[in-house]
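These notes concern the structure reproduced below.
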Amino acid sequence: HLEREKLNFKEIASRVWAAKTLGAPYTIELDQSEQLAREQARKIVTELVQQGSKDRIFYRPEDAENPQAATDESKYLLLEESRAVALIAYLQRLGTDLFASAEPAGALPAVPATPELPTIEPTTPNQNDPATNSNVPAGGLTGGQR
């Protein structure tokens, strides 16, 4: 049973690196995978205990009622070290990823805000420049048509 199998947290780092190699978008997880996995397991166990679960799994069910077994670490596995909690963590992540909003394929990146343009002060028109002198014909001084 998964609940009685101990999770090897030290193996997690190599699995995260392998996933990164295959394209998973991991960053901080690469260097802190074991610590993050332990924190996630503690959070899950805290929620389970609040719902009435025990914080440990006894290898033999009859030891659960034995007060001496509760102090003998060879008789139980802390729930946060159980592969069952790792499976819960995986399923929670899977559910999160399934319902995450994804950018539509081919979506354009957000357009940055337009910077304010400087104010241009009017200048005195140049008599020979058609861009600034309304008395110059549309074709310019050469008389061509536009």
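The values are calculated or read from the model by the stated rules, or taken from the named source; none is laboratory data. Values in this document were obtained by computation on a predicted structure and should not be read as measured data. Positions of Cβ are backbone-derived with ideal geometry, glycine not excepted, and every protein chain shown enters the neighbour counts. Accessible surface areas use protein heavy atoms only, side chains included; no ligands, DNA or RNA. Shrake-Rupley method; radii C 1.70, N 1.55, O 1.52, S 1.80 Å.
Odds and ends about this structure:
- In whole angstrom, segment 1-78 maps to an equivalent ellipsoid with semi-axes of 32, 14, 10, each derived as √(5λ) from the alpha carbon gyration tensor and ordered largest first.
- Sequentially through segment 27-36, phi angles give Karplus couplings (6.51, -1.76, 1.60; θ = phi - 60°) of 10, 4, 4, 4, 9, 10, 4, 5, 4, 5 Hz, Gly and Pro residues having no value and appearing as x.
- Accessible surface calculations at 1.4 Å, restricted to protein heavy atoms, place segment 13-72 at 74 Å² per residue.
- The GluC sites (Glu not before Pro) found in segment 5-34 that occupy coil by DSSP, while having at most 14 further C-beta atoms within 10 Å, are 5.
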